[in-house]
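So the structure is just underneath, and the comments pick up after that.
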Amino acid sequence: MIELAMEPVFLQQTGNTMDAISIAIDVITDPFNFVLLVLAVVLGLIFGVLPGLGGPIALALLIPITFQFDGNVAIMILAGTLGATAFGGSITAILLNTPGDAPNAATLLDGYPMTRQGRAGEALAASAISSATGALVGVTLLLISLPFVRSITLAFGSPELFWLAIAGLATVAIATRGSVLSDLIAGAFGLMLAFHGLNPITGTARFTWDTVYLMNGIELIPLIIGLFAISEMIKLMGTKTTISKPGEVTSGIQEGFGSVVEHWKLLVQSSSVGWVIGLIPGAGGTVANFIAYINAKQRSSDSQSFGTGNVKGVIASEAANDAKDGGSMIPTLGLGIPGSASTAVLLGALIIHGVTPGPLLFKENLQIVFIVVFALIISNILTSIIGLLTASSLAKISNVSTTTIAPLVVVIALLGSFAIRHHIGDVFLAVGFGIIGFLMLKYDMSRVAVIIALVLGPLAEQNFHRALQISHGEYSILFMRPLSLVLILITVLILATPIYRSVRSVT
Amino acid sequence: MKALKSRSIPLKNLVNKTVGVIAKYIITVPSEHRKAAFFGVLFSYTGALVLKSLEYSPDARLFPLLVGITLLGLILLKFVLMVSPEKYSAGGGGLFDKASAEIMSNEEDDINQLDNQNSVSPEIRLQREFKMTMWIIGTLLLTWLIGFLNASVIFIFSFIYVHEGKIVKAGGLTVILVGFIYFFFIEVLSIPLWEGILLSILPIAKPANSGDIDD
């Protein structure tokens, strides 16, 4: 690898807003630094595209390279990479039904059906523009909320996180297509999978069947890769057709652009949802993605079309996915609590470069916040431009014969499964869930419900136990706080909606 | 090349015949029974989890028991609806109507329904899906035995050659993808790719950049 030798520069730091903005602009607009940012963006895009790699790995691999630069430049590089991985993952989600990273999983729900209909270009263009706009909304909300950082993040305690997870799980009953019973079975199955492994609260190793491999539970990325990518390749080989029908692939950039403009309200709404979820420490990008998607589906007048190639599904999930980065900077920078795996790595980088996240960061290193903001904006704009320029070329992948695409996707999928933990067991897991996913496809069971349950199940259980530990066993803690009551009401409404609709349709 | 092709044809025929026999057997089993078998396996595994969770402390078993027992109930309900969809479809307040309709339509699914895109008969589709599954499992086992790079070379080349018969295309794509894997994963990312269990058994020298094989 090329080594860049630079003399160490003292970190320019300030707590004054105008000085902080000035320092941030100086750092970003320095020609050499800007080139580094562009390279970071390209690298982030590549990492985002390859399944199983994604943000955390990209950032972790870049940290040693950033040792040679001062803290401001290092954070600029890392924030730029973070912004790019989000969109990169949507490319394979849309074209190959394989999310680059878990937060892109919701994008494939409508993105891939669009590709099958020959509308890959439209999906990619909509994704590119939604990503950039979502990121802009996210950083704008970040800047507006800077004075209220502490109170926002501290509002969500264990009881609130528990109810938020329950509300997310409740949406399984209404948000997925197919029969409610099958989807509930899929969701419950996902929850049982989530209970495998070492429980950090009770300290019990559950359902490990005396294997070391299962001590860490069921790894999410290999499961997603198997459930979606491998199962889809099995299904495609059954019909031996191309991903999209021959001759039906259109460029779609104008349609994609038009769709985003037409649904600007959805864009802003989904960005806001993503940003709010990003605020919650530990919630993660996957949660933001799915909740925004489910919210968009619920509010839509043609909710049945979600999952069949409705561009609104792509807009909602991608806008939320990028807006969450802005939201997650608040707990990460303001409290030193990472919002997701990627921000956890970013936090590590900050500490390595001598910057202590927390309330003092806003007093002594406010320039870091503005560097992150500017880097996220520039990286998202750059990735969107790249996405728009390459959308029509990338869309042609959907016309390549299945017998050519399938082996390539399978190999990349198996590699991606291995790359996360360097464990061959993850590859076996991916193949196993590939077969299970294929059977779920056959019997019309929702694979999305499994993912939602796998992500939210641990959040619900751990925060339930944590809340009881805080209250010394008093269950009333779950029902006392105003935000908890609001979330309970939302959960009840979510569960009551399908019953109300069914009764109304019968009468 | 001709000798290679002539040797591979009887093998290909044997594989095709075996797969055809297995697929024919599977398709004679009614789709409802296959579906029931799938849910039966799910029921069994969930039952095992519920029983296992009784060994844990009250805190540790709370959620698994709650969810596990609920899941067992849901699967039983699924079986009941599969057995008597007409009797129970009106009683669910509409929530399970979709399930009943879907189950009833499944009876004809595998026998009469043709794929919209390609008019592929269910039997041929099943054969292809089964073959693809076998390819993937075979690649997995090969990877475990001889490592990622070696298995990828064999899999990509043989898959494209068997399905398309184009040796140049198969060779070209193999070189490109494996080259990319080597450059990006091994050289740039320094990811210690799995080198195969055979390497640890047979007295073969390890490549210079190999790491320890994970447990």
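Could you work out [θ]222 nm for chain A from helices alone, using -39500 (n - 2.57) per DSSP H run of at least four and dividing by all its residues? Round to the nearest 500 deg cm²/dmol.
Result for chain A, helices only: -23000 deg cm²/dmol.
By how many nm would the segment from B:Lys169 to B:Val19 grow when fully extended, if each residue of separation counts as 0.36 nm and the alpha-carbon distance is taken off?
On the way: separation 150, 0.36 × 150 = 54.00 nm, distance 2.62 nm.
Gain on extension, B:Lys169 to B:Val19, equals 51.4 nm.
If you count, for every residue in B:173-182, the Cβ atoms of partner chains within 10 Å of its Cβ, what is the mean?
Other-chain Cβ atoms within 10 Å of each residue's Cβ, averaged: 2.
How big, in percent, is the set of alpha carbon pairs in chain A lying more than 30 Å apart?
On the way: 58341 of 128271 pairs.
Everything past 30 Å amounts to 45 percent.
Over the whole of B:58-69, what's the average partner chain Cβ count within 10 Å per residue? Rounded to a whole number, please.
Mean number of neighbouring Cβ atoms from other chains: 6.
Okay, which of segment A:72-105 sit inside 16 Å, backbone N to the point 7 Å along the Cα-Cβ direction of A:Asp30?
Inside the label zone: A:72-80.
Considering only protein heavy atoms and a 1.4 Å probe, what is the carbon-and-sulfur percentage of the accessible area of segment B:13-84? All intermediate terms of the calculation are to be shown ahead of the outcome.
Values: 2820 of 3790 Å².
The computed percentage sits at 74.
From largest accessible area down, sort B:Trp135, A:Trp209, B:Trp194; use a 1.4 Å probe on the protein chains. Could the numbers behind the result be given before it?
Working: B:Trp135 60, A:Trp209 100, B:Trp194 20 Å².
Result of the area sort, largest leading: A:Trp209, B:Trp135, B:Trp194.
Accessible area of A:Ser301, 1.4 Å probe, to the nearest 10 Å²?
Spelled out: A:Ser301, probe radius 1.4 Å, area about 120 Å².
Work out the length of the dipole vector of segment A:421-506 about its Cα centre, built from +1 on the beta-carbon of each Lys and Arg and -1 on the beta-carbon of each Asp and Glu, and round it to the nearest 20 debye.
240
So what's segment A:388-458 giving for Cα Rg divided by 2.2 N^0.38 Å, two decimals?
Here the Cα radius of gyration is 1.39 times the empirical estimate.
Of A:Ser328, A:Val492, A:Phe362, whose Cα points farthest to the positive end of the dipole of chain A (charges on the beta-carbon: +1 Lys, Arg; -1 Asp, Glu; origin at the Cα centre)?
A:Val492
Scan around A:Arg206 for amide H atoms under 5 Å from its own, H built in the peptide plane at 1.01 Å from N, and keep only partners 5 or more places away or cross-chain.
A:Gly197, A:Leu198, A:Asn199
Could you give the distance between the Cα centres of segment B:167-200 and segment A:191-225, to the whole Å?
Answer, in whole Å: 30.
Taking 0.36 nm per residue of sequence separation and subtracting the Cα-Cα distance, how much length would be gained by fully extending the chain between A:Gln68 and A:Gln254, in nm to one decimal?
Details: separation 186, 0.36 × 186 = 66.96 nm, distance 4.31 nm.
The span from A:Gln68 to A:Gln254 would gain 62.7 nm if fully extended.
Any idea how far the Cα center of segment A:116-146 sits from the one of segment A:409-445, in Å?
With segment A:116-146 and segment A:409-445 each reduced to a Cα centre, they are spaced 29 Å.
What FRET efficiency would be calculated for the residue pair A:Leu493, B:Ala37, taking the C-beta separation as r and a Förster radius of 41 Å, to the nearest 0.05?
With a Förster radius of 41 Å, E is 0.60.
Take the alpha-carbon positions of segment A:278-435, form their convex hull, and give its projected area averaged over all directions (one quarter of the hull surface) in nm².
The number I arrive at for segment A:278-435 is 12.6 nm².
Estimate for me the total accessible surface buried between chains B and A (protein heavy atoms, probe 1.4 Å, no ligands or nucleic acids), in Å² to the nearest 100.
6600
For chain A, with every protein chain kept in place, what is the accessible area per residue (1.4 Å probe, Å²)?
35
Residues of A:407-420, mean number of Cβ from any other protein chain within 10 Å of their own Cβ, rounded to a whole number?
The mean count of partner-chain Cβ atoms within 10 Å per residue comes to 6.
What is the calculated FRET efficiency for A:Thr356 to A:Leu485, with r their C-beta to C-beta distance and R₀ = 51 Å, to the nearest 0.05?
Efficiency computed from Cβ-Cβ geometry: 0.90.
The values are calculated or read from the model by the stated rules, or taken from the named source; none is laboratory data. What you see is a predicted model; the values in this text were computed from it and never measured. Ideal geometry is used to build each Cβ from the backbone, glycine not excepted, and the neighbour counts take in all protein chains shown. Areas reflect the complete protein model, heavy atoms only, side chains present, ligands, DNA and RNA absent. Shrake-Rupley method; radii C 1.70, N 1.55, O 1.52, S 1.80 Å.
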